[in-house]
Amino acid sequence: MKPQEYGHLCSVIIILLNTSMMAYLKVKRSALTFGRELGEGGFSTVYQATWKQSLLKRQEVAVKRLHKVNPSEVEIMSKLDHPNIVKLLAVLDESPDYFLIMELCTGGSLRSYLDQRHGNRLPLDQLCHLAKQAALPLKYLREMEILHKDVKSPNYLIAKGKILKLTDFGIAKNLKETMSNATQSASYPWMAPELMKDLKLSPTYDIHSYGVVVWELLTLEVPFQGLEPQVIVMRICGDNERPPIPPDCPRPIADLLRKCWEADWHKRPSIDEVLSVISDRQAVAVAAKTDRQRQILDGSWMLERKICGSAACLLTKPYGIAVNHQGDVCVANWDAAKVQVYSQQGMHKSSIDTKLGLKPGTRSWPREVRISSDGSLCITDYTQFVKVYSPAGWYREKWPAVSPQNKSSADEDTCLVGLTMDAKGQLLVGEIKKRYISKHKGDGSHVASMKIGIEPWSLAVTSEDTIIISDWDMSMHIVDSTGQSAASHTDEFAKYAFQENRS
């Protein structure tokens, strides 16, 4: 017998010994008709299947095939009976295969449900309802002296009647084991700091993870999305960083999240305290209304209140700003020579290096950011080029703003700064040293140029296609689509006119 086969046999024997009195059936493979795959994890694959219980009785179920047999998962699930926990119905043990037959939740995961809302945030009443459903199984598990250890939105499933059910007990533990060393096999964005620091669990470990789930309900976002595990550990343990709480979050929920995320697990609230806050919807609603009115009155509803991140990602001289097709905020970070990308709730997601595409040693000072119709990111950075990045932030190309009146912007003396977009999706680029504005298509091809007598520091286009120009002398000028003067702060105002590129 091979060593791995012997180990599997021992695991199965342990399961049979430990679960001889457990409340589930043992079925044969012939009783199951497998359907589509529902999902796959590191230790299992889940399928939809039909369970033929008798000649007349069939039931649609979820079947979890274990790649690695875990005796404690079967032992724990066999004890559980709660309306907000996915129920274990039967077990199929035909070596080398081992399957858990569980109730089927047809609504998918909570995470997929939030993703499908496409940024349309949950009404407060629905948020509280889901948060309460997510907390109820944790109260039951506490009474059963069980720690789930992997509480996260993908592990909450939506059953018929929009009932939220907790699943996946593959790494669950008994509370008596929580203060001993534990295997670090949880999900980092939801992981409490004590497990990251010394591989020890605490009795309030699930409370920290639950707080992250409530944050997901508030923001619809994935916590620390796109970051490597080691970066998450550094931010949570080193910088004591947590997911940013939205400024419009009702105060009772915001206070609850801060308590759930306490680094000292002794200071976290009990599950009864959590339910007390979440269940009082009227108090949450009143607080939300009062806070919103106060924010409007005192002017605190500001974007800069929402932009945050670790010390490495703090903004220095944020100049141009734009919102991409995913709703992320892209900010030109002048000092850092980067465009910083943040979620709307202020979570730093990525940095785009604006030095890419330039000659070695050339300094980049990102000034303006615009998003083209295909989602590409266009920036000016005081060089002679407009640089273009893909929607994902990868450097793609650069193109010069050609001006027939001023030869070519490949001239080393060219300095592109202002950047905007008109209703046709054409980019308008301002050159401050040689004082002209040029129009370009999304692919960079030159359309027209306009020689002006001022330095076009910033540009904007109104719905009537009127161009607004602010210059280096802090004056504002307005010209119509033909370049004719519409208004000015000064009496001396040249009549500008676009000249088409006929080359």
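Taken together, the values in this text are just the output of simple stated rules run on the coordinates, not laboratory data. Every value quoted in this text rests on a predicted model; they were computed, and no experiment measured them. Note that each Cβ is placed from the backbone with ideal geometry, even for glycine, and that neighbours are counted across all protein chains shown.
Determine ³J(HN,Hα), in whole Hz, for all residues of the range 156-171 in sequence, where each value follows from phi through the Karplus function 6.51 cos²θ - 1.76 cosθ + 1.60 and θ = phi - 60°; x replaces Gly and Pro.
Working through the residues one at a time gives 9, 9, 9, 9, 4, x, 6, 8, 8, 10, 7, 9, 6, 9, x, 10 Hz.
Starting from the range 85-120, pick out the trypsin sites (Lys or Arg not before Pro) whose DSSP state is loop and whose Cβ has at most 12 other Cβ atoms within 10 Å. Could you put the intermediate results ahead of the total?
Details: sites: 87, 111, 117; in loops: 87, 117.
Listed in order of number, the matching sites are 117.
Which semi-axis lengths, in whole Å and largest first, follow from the square roots of five times the eigenvalues of the Cα gyration tensor of the range 72-118? Write down the numbers at each step before the final one.
Numbers: eigenvalues 142, 42, 16 Å².
Rounded to whole Å, the semi-axes are 27, 14, 9.
In whole Å, what is the distance between the alpha-carbon centres of the range 24-61 and the range 236-267?
Cα centroid to Cα centroid, the span is 40 Å.
In what sequence, highest mean first, do 28-34, 143-149, 159-165 appear when ranked by Cβ atoms within 10 angstrom?
Values: 28-34: 12.4, 143-149: 19.3, 159-165: 14.9.
Highest to lowest by the protection proxy: 143-149, 159-165, 28-34.
Within straight cross-link reach of residue 28, meaning Cα distance under 20 Å, which lysines are found once same-chain residues fewer than 8 apart are removed?
Straight-distance partners of residue 28: 52, 57, 64, 68, 87.
Amide H to amide H, which residues 5 or more places from residue 397 or on other chains are under 5 Å from it, using H placed in the peptide plane?
388
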